[in-house]
Amino acid sequence: MTLSGPGARIGECLSGLTRLFQLRGNDSVSLYERLTGAKAKTVGTKQTLKALQKDQVKVVYVARDAEERVVRELLRLCEEKNVEVVYADSMARLGQACGIQVGAASAAVLED
């Protein structure tokens with residue numbers, strides 16, 4: 001699982017290993033609503049990693065424009081624990097869905 005160059009997308013890194021959702025058009029609303037409507041969630045890679053390590057995560061969201069070095073361990077752990085990964089259009093859009101004024105590289109919906 002290596003990236004071929006600096007412009008390689010994170011989604012290509014785990015192609016076929018995680019369930020990939022396209023967050024465009026009509027599907028965007030329902031997938032982002034899962035995150036915005038969640039009772040419990042994490043925002044940011046550090047919080048999301050901690051929740052993953054404690055097996056508290058239902059689904060992880062990763063921004064397509066997040067730096068690979070920032071989300072590499074998160075994606076590896078999702079693969080290891082067989083946790084669904086949803087790719088968001090951008091950090092800005094993911095941050096907005098989380099209710100923050102800045103971008104977010106990742107977020108997660110936690111178990112009830």
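Before moving on, here are some points about what is shown:
- Full extension of the chain between residue 100 and residue 40 gives 20.1 nm of extra length, using 0.36 nm per residue less the Cα-Cα distance.
- Cβ-defined net charge surrounding residue 39, 14 Å radius [Lys, Arg +1; Asp, Glu -1]: 0
- Packing-based order for 47-55, 102-110, 89-97, using average beta carbon neighbours within 10 Å, highest first: 102-110, 89-97, 47-55
- Segment 66-112 shape via C-alpha gyration tensor axes, a/c threshold 1.5: oblate
Where a number appears in this text, it was derived from the coordinates with a stated rule and is not lab data. Just so it is clear, the structure is predicted and the values come from calculations on it, not from any experiment. Here the Cβ is made from the backbone with ideal geometry for all residues, glycine too, and neighbour counts use every protein chain on show.
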